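Colleague: The structure's right below; bear with me while I get my questions together.
Only the coordinates and a few stated rules stand behind these numbers; no lab work does. Here the structure is a predicted model, which is why all the values come from computation and not from measurement. Glycine gets a Cβ as well: all are built from the backbone with ideal geometry, and neighbour counts include every protein chain shown.
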Amino acid sequence: MRKELFQPSIESEARILLLINAFTTRTKSLEGRTKLAKLDFLLRYPGFMQRALAIRTSSQVMEVAHEEQHNIEGRMIRYRYGPWDPSHYAILGKLIGKGLVETASHDQGIDYRATTLGSELAKKLAKEDSWQETSARIKLLKQNFDLSGSNLKNFIYQHFPEVTGASWGQKL
């Protein structure tokens, strides 16, 4: 595949920064790329997120406009553990290089956390009109899907066979 296919957009960087920041606390980081990829999948595919919320809880409702159901900013592909975007590597590298995200190693992989600078930027972004809906959806993800990457993967496998049944490398 051509390298330029995996170049992140500024919007992708902002979305990932908002996600990482929401799952960063003083004592906790976002645990690994699998968790990040599954959360990003739900965020980018609002129809699936709407279905996932209905499965997890009846008290959380997320409205999704009809035109938004299939209007996906950038398609993810079916990979070994479900939905994946190869540009995540470049996005994370850029965010780390800009000093907005830092990593922490642990036995099972790498965690990601927003730096002070990243957190400040994420808070400013979240207040912008163009990012308010994304920010609200990230809050729903935090409230309802703060699971391990493995548990998120299992949830997607169990409830979205059209995603996990796709061939490896197939665009979702």
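Colleague: Within region 14-40, what residues put their amide N at less than 16 Å from the label point 7 Å along the Cα-to-Cβ vector of Tyr89?
Modeller: 33-34, 37
Colleague: Which of Lys35/Lys123; Lys35/Lys142; Lys94/Lys142; Lys94/Lys127; Lys28/Lys139 have a Cα-Cα distance over 20 Å?
Modeller: Result: Lys35/Lys123; Lys94/Lys142; Lys94/Lys127 exceed 20 Å.
Colleague: State the extension gain, in nm to one decimal, for the chain segment bounded by Lys124 and Ile96, taking 0.36 nm per residue of separation less the distance between their alpha-carbons. Walk me through the numbers on the way to the answer.
Modeller: Details: separation 28, 0.36 × 28 = 10.08 nm, distance 1.85 nm.
Residue separation times 0.36 nm, minus the Cα-Cα distance, leaves 8.2 nm.
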